[in-house]
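Asks: Please find one structure pasted underneath; my questions will follow.
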Amino acid sequence: MLKKLSLKSDWIIGFAVVIVLIVLGGSNTIRDLEWGAYNTAVWITPDRRPNPQVVVVTVDDASIKMLGRWPWTRDELTTITRKLDNAGATVIGYTLPFDEPQNQLALSALSNYRDNEVDKDTLRLLNLVLLQLNTDRTLAHTFNRTGNVLLSVPYTALTSRPARPSKLPTIMQPHVIEELLYQKGQHNWFAEFFRPSRTIKVDDIIAPVGVIGQAVRGIGLGVGQPSLDGLNATRPLIGLHGDHYLPSFALQATRWSNEYRQKKFAVTFKDGILLDGKALITDKQFRAYPMFYKWKNDQPPFPTYSFADVFTDRVPPDAFQGKIVLIGATIARLEAPVKTPIASPMAPVFLEANTISALLNGDLYSVPSWATPGRYLAFVIVCLYLMLILPRLSLSTGLAISSLLLVVLLNVHFIEMTIYATWFPLMGPIVALIGGHLLLTAKHLVEARVVRYRQELSNSNKLLGQSYQLQAQLDLAFEKYRICDPSDELFGLLYNLGLDYERKRQFNKAINVYKHIQEYQAKYRDIEERIKTNLNTSNTVVLGTGGQRNATNHSLVAGEGVQKPMLGRYQIESELGRGAMGMVYLGTDPKIGRTVAIKTMALSDEFDAAHLEDVKQRFFREAKTAGRLNHPNIVTIYDIGEEHDLAYIAMDFLQGKDMANFTKRTELLPIPEVINVIIQVANALDYAHKQKIVHRDIKPANIIYDRRAKKPSVTDFGIAHLTDTSRTKTGTILGTPSFMSPEQLSGKKVDGRSDLFALGVTLYQLLTASLPFTGDSISALMYCITNDPPRDILKLRPGLPICLKQVIEKSLAKAPEDRFQTGQEIAVALRKCMQSLSTLPNRNKDMGEAPHETLQRRSNDS
């Protein structure tokens, strides 16, 4: 069941998934998932019976048909209020708006007329008419007489506090819960500090007209828009307007119900909402999480009567005795329906009825104090599982255990809600589990394919390495061995390779081979002793050539216990290889901690005395020339100097390897990647040519490519000349013949177009692993470059786009004036050509193969 597997990357994936989801725990996506799971649990919670005290009277189509268009006069509401009060209703709650006065214009006009001089009979008649028209006062008188009327006021719910909230309507002042904030001896700043940060904030309260609002027992916040959770799954019982806390309509109705009307009512941050000393089940933000009573056959769960039936006495009075009667519109054009976790959107009056019933019955979900710590504990469990357990399991076993853990988490969530009425949000950990499992599974499936491919490739490279080792090409052999999968057989081959390096006195390379073995088997044979021996021996090696000298010579010698050798201000760390003109070392500038590549040359050893001065000038001219360049695709020169008869250049240490590694048939890069490299090199050459600097030796070996960063760097301006200097030697052939332009081979004075010719040859080779001009000898090669057209690239690789062939042919034109004139022109042409690659597979079936497979097949065909 368990399998050996490296956790270096697997545990990071599991950990990262969990951390990201914890950070994004408050994001809309995770919050929507949590509420989705909550609403699902509400839907499947077993049905409960609503509180029998709650009754609903609806302003429905039948009522409109009988009493006329809305709004009605206050007389109808006065009549029904009296009927309900006479029937013994405990609470009469209106969710209808009372924000507009009625008959205002008529009252104003008659009042003005009355104020004029009129006879007594007319005055008496006018007073009677004014009394009949002032329906607001009549309704207010009825409300005041009954003493049990509550009003619901609409408002706007805010997600953040406005900079300047609207002023609290005066009519709402008597209903503010003052003791919540302003207790005796408490200051505003102190109260503000302890205010719940996420208490629902309200604004734009549409209060009733003053005469009506002053006559009712209570006013509460109704259904606000927008809902905090989208489906009104939670109901805020307290709202914050500026510095004032206001009760909700549902809380007011519960407070004045038969059960609590004579009891003590209090609200504190510490104890919550207390009715008769018993705290309602809410969260810290005074939000209730009510259960929802199911509708059956589109019929509400509460006793529901039409306003018209009550108005015409078709409902017996005992139906309202001791009841909380809610009066509201159920017609969509009068009051917009609101969404809930169950059924279709319902009228606000039914949402209020559901909330009141849940508060009276205690049918509320709780959010316990341990819910948040428990949620994070679930995250920790999922995190540990993804980091430490899942990576060690097979795919089938991992799927089974992950599924089991998923079922457990889902059951905990739904069982807690449906049976224990406790909301324990777990969708975050569940998403982390699913996401982490999918990512790790996908990674393992990809790794399995890669392993099979690597095994085949490793065997091939091992055979190639053995072949190179037999041919004494030790560096090539090491390159092949390094990319092989570790095994005892490979370690034996590497050990023998290290011995071969020792025989060639290349001690640093031998150390590298032994250290490579040590990465996998630290105690393999005697490599520890061999590393020490080779390290001590390499400290006596002359830095310039790699050969040994005695201490009296101009070489740097380091004995046992001596610090690492220094060259100028640089500390030599290790050998990197051999450059075009000498050894290259990895060094460090101790003053600033900069890592550099140091190119060295023992000039007196390489050249005779007659040419030494000319060579030395050329060496330093290379550094000065390159030092003038400042471009992201040109290697940076930091310093030059001469010490111990060693001339050196300290330059930027580049990541990656030279492009010559990608000119082999098995190592060719994808076409878009090659084009991208050449575009960047063309831009670098364009910059250099504008500085009047010609490279003269552009070839893959002089382009270092960091494939991870997709960045090439042109290096080794070793034979660069200033085109405007008198020191230019016409007739001197410098560079690599296969990449030289015809004018360079002819000894003519060259300019930047010669580099563009070489860039075209480089592009040709990177695409085909072949050169456009070949010859059996140097003279034959020079004749071919000067006189013959390049080999047709489409015969070597038919799948290439025509535009790419055209770019190469123009770059390789014999006459400089027929070529691209600047590197920028090549870059532009290649960018346009890149667009044609999208149609490439349709034009050549070879492009479906890997580049080396296509070239090999073409070679076999020919």
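The values are calculated or read from the model by the stated rules, or taken from the named source; none is laboratory data. Please read these numbers as outputs of a predicted model, since none were measured by experiment. Reconstructed Cβ throughout: ideal geometry from the backbone, glycine too, with neighbour counts over all protein chains shown. Note: areas computed on protein heavy atoms with side chains; ligands, DNA, RNA excluded. Shrake-Rupley method; radii C 1.70, N 1.55, O 1.52, S 1.80 Å.
Asks: Out of all the residues in the range 512-521, is one or more in contact with a helix residue (DSSP H, G or I) (Cβ under 9 Å, 6 or more places away or on another chain) and within 22 Å of Thr666 (Cα to Cα)?
Replies: no
Condition check ((1) open to solvent by 60 Å² or more (accessible area, probe 1.4 Å); (2) under 30 Å from Ala378 (Cα atoms)) across all residues:
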position: Ile415; (1), (2): yes, yes
position: Met427; (1), (2): no, yes
position: Glu447; (1), (2): yes, yes
position: Tyr453; (1), (2): yes, no
position: Ser458; (1), (2): no, no
position: Phe478; (1), (2): no, no
position: Pro486; (1), (2): yes, no
position: Tyr495; (1), (2): no, no
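Asks: How do the pairs read when you match residues in the range 366-394 that are within 18 Å of Met417 (Cα to Cα) with residues anywhere that are open to solvent by 30 Å² or more (accessible area, probe 1.4 Å) and in a loop (DSSP other than H, G, I, E, B), using Cβ under 6 Å and keeping only pairs 6 or more apart or on different chains?
Replies: These pairs meet every condition: Ser366/Ile281.
Asks: Among the numbered conditions (1) more than 14 Å from Phe307 (Cα to Cα); (2) open to solvent by less than 40 Å² (accessible area, probe 1.4 Å); (3) outside any helix (DSSP H, G or I); (4) at pLDDT 85 or above, tell me where Ala37 comes up short.
Replies: (3)
Asks: Also, quick follow-up: What single numbered condition from (1) at pLDDT 90 or above; (2) closer than 24 Å to Tyr783 by Cα fails to hold for Asn683?
Replies: Every listed condition holds for Asn683 apart from (2).
Asks: Does the range 646-661 hold any residues that are over 16 Å from Ile572 (Cα atoms) and open to solvent by 10 Å² or more (accessible area, probe 1.4 Å), and which are they?
Replies: If the condition is that a residue be over 16 Å from Ile572 (Cα atoms) and open to solvent by 10 Å² or more (accessible area, probe 1.4 Å), then Leu654, Gln655, Gly656, Lys657, Asp658, Ala660, Asn661 are the ones that fit.
Asks: For the range 317-334: of the residues being charged (D, E, K, R) and assigned to a loop (DSSP other than H, G, I, E, B), which is most open to solvent (accessible area, probe 1.4 Å)?
Replies: Among those that are charged (D, E, K, R) and assigned to a loop (DSSP other than H, G, I, E, B), it is Arg333.
Asks: Continuing with this model, one more query. Run Ile419 past the list (1) more than 30 Å from Trp35 (Cα to Cα); (2) open to solvent by 30 Å² or more (accessible area, probe 1.4 Å) and report the number of the one that doesn't hold.
Replies: (1)
Asks: Continuing with the same structure: Does the range 127-137 include one or more residues that are more than 59 Å from the chain's Cα centre (by Cα), modelled with pLDDT of 90 or more and surrounded by 13 or more Cβ atoms within 10 Å (Cβ to Cβ)?
Replies: The answer is no; no qualifying residue exists.
Asks: For residues that are at pLDDT below 85 and assigned to a strand (DSSP E or B), scanning just the range 714-731, find the one that is most open to solvent (accessible area, probe 1.4 Å).
Replies: So, considering only residues that are at pLDDT below 85 and assigned to a strand (DSSP E or B), the one most open to solvent (accessible area, probe 1.4 Å) is Leu722.
Asks: Of the conditions (1) part of a helix (DSSP H, G or I); (2) modelled with pLDDT of 85 or more; (3) of a type in the set (D, E, K, R), Arg69 satisfies every one except a single condition; which number is it?
Replies: Only one criterion is unmet by Arg69, namely (1).
Asks: While we're looking at this one, here's another question. When the residues of the range 685-698 are narrowed to those that are in contact with a Ser or Thr (Cβ under 8 Å, 6 or more places away or on another chain) and not charged (D, E, K, R), which ends up most open to solvent (accessible area, probe 1.4 Å)?
Replies: The qualifying residue most open to solvent (accessible area, probe 1.4 Å) is His689.
Asks: May I ask you to list the residues in the range 270-308 that are in contact with a strand residue (DSSP E or B) (Cβ under 9 Å, 6 or more places away or on another chain), among the charged types (D, E, K, R) and not in a loop (DSSP other than H, G, I, E, B)?
Replies: Within the range 270-308, just Arg287 meets the criteria.
Asks: Moving on. What's the number of the condition Lys4 fails, among (1) assigned to a helix (DSSP H, G or I); (2) surrounded by fewer than 17 Cβ atoms within 10 Å (Cβ to Cβ); (3) at pLDDT below 85?
Replies: Evaluating Lys4 over (1) assigned to a helix (DSSP H, G or I); (2) surrounded by fewer than 17 Cβ atoms within 10 Å (Cβ to Cβ); (3) at pLDDT below 85 leaves (1) as the failure.
Asks: Give the residue, chosen from Leu405, Leu399, Leu438, that is more than 30 Å from Ser487 (Cα to Cα), among the aliphatic types (A, V, I, L, M), in a helix (DSSP H, G or I) and open to solvent by less than 70 Å² (accessible area, probe 1.4 Å).
Replies: Only one candidate qualifies: Leu405.
Asks: I need a count of the residues in the range 50-81 that are free of Cβ contacts under 8 Å to residues at least 24 places away in the same chain, on the phi < 0 side of the Ramachandran plot and surrounded by fewer than 13 Cβ atoms within 10 Å (Cβ to Cβ).
Replies: 1
Asks: May I ask you to say which residue of Ser460, Ser467 is over 20 Å from Ile517 (Cβ atoms) and over 43 Å from the mean Cα position of the chain (by Cα)?
Replies: None of the others qualify; the one that does is Ser467.
Asks: Could you check Arg392 against (1) open to solvent by 20 Å² or more (accessible area, probe 1.4 Å); (2) in contact with a Lys or Arg (Cβ under 9 Å, 6 or more places away or on another chain); (3) at pLDDT 85 or above and say which number it fails?
Replies: (3)
Asks: Another question about this same structure. Take Ala215 and tell me if it is open to solvent by less than 20 Å² (accessible area, probe 1.4 Å), touching a Pro at 6+ places or on another chain (Cβ under 7 Å) and in a loop (DSSP other than H, G, I, E, B).
Replies: no
Asks: Residues in the range 497-507 that are farther than 17 Å from Tyr481 by Cα, part of a helix (DSSP H, G or I) and open to solvent by less than 70 Å² (accessible area, probe 1.4 Å): how many?
Replies: 2
Asks: Could you give every pair whose Cβ atoms fall below 9 Å, whose first residue belongs to the range 199-213 and is basic (Lys, Arg), and whose second residue is surrounded by 19 or more Cβ atoms within 10 Å (Cβ to Cβ), counting only separations of at least 6 or pairs across chains?
Replies: Matching pairs, first to second residue: Lys201/Gly239; Lys201/Leu240; Lys201/His241.
Asks: Could you tell me which residue of the range 634-644 is modelled with the highest pLDDT, considering only residues that are open to solvent by 50 Å² or more (accessible area, probe 1.4 Å) and of a type in the set (D, E, K, R)?
Replies: Among those residues, the one meeting the criterion is Glu642.
Asks: Taking the range 699-713 as the region of interest, how many residues are under 35 Å from the mean Cα position of the chain (by Cα) and open to solvent by less than 30 Å² (accessible area, probe 1.4 Å)?
Replies: Looking only at that region, the number is 4.
Asks: Got a number for residues in the range 82-106 being open to solvent by 40 Å² or more (accessible area, probe 1.4 Å) and at pLDDT below 90?
Replies: Residues in the range 82-106 being open to solvent by 40 Å² or more (accessible area, probe 1.4 Å) and at pLDDT below 90: 8 in total.
Asks: Only one of these is closer than 30 Å to Thr40 by Cα, out of contact with any Cys (no Cβ under 9 Å at 6 or more places or on another chain) and of a type outside the set (A, V, I, L, M, F, W, C): His444, His437. Name it.
Replies: Matching residue, one of His444, His437: His437.
Asks: I'd like the residue in the range 772-801 that is open to solvent by less than 80 Å² (accessible area, probe 1.4 Å) and of a type in the set (A, V, I, L, M) and, out of all such residues, is farthest from the chain's Cα centre (by Cα).
Replies: Filtering the range 772-801 for residues that are open to solvent by less than 80 Å² (accessible area, probe 1.4 Å) and of a type in the set (A, V, I, L, M), the one farthest from the chain's Cα centre (by Cα) comes out as Ala780.
Asks: Restricting the search to the range 653-697, which residues are β-branched (Val, Ile, Thr) and in a helix (DSSP H, G or I)?
Replies: Hits for the range 653-697 are Thr666, Ile671, Val674, Ile675, Val677, Ile678, Ile679, Val681.
Asks: Select from the range 513-540 the residues that are open to solvent by less than 70 Å² (accessible area, probe 1.4 Å), within 20 Å of Tyr585 (Cβ to Cβ) and either at pLDDT 90 or above or outside any helix (DSSP H, G or I) (or both) and list them in ascending order.
Replies: Answer for the range 513-540, where residues must be open to solvent by less than 70 Å² (accessible area, probe 1.4 Å), within 20 Å of Tyr585 (Cβ to Cβ) and either at pLDDT 90 or above or outside any helix (DSSP H, G or I) (or both): Val513, Tyr514, His516, Asn539, Thr540.
Asks: A further question follows. Just name the residue that is nearest to Asp686 (Cα to Cα) out of those in the range 753-771 that are open to solvent by 10 Å² or more (accessible area, probe 1.4 Å) and not hydrophobic (A, V, I, L, M, F, W, C).
Replies: Applying the filter and picking the extreme gives Arg753.
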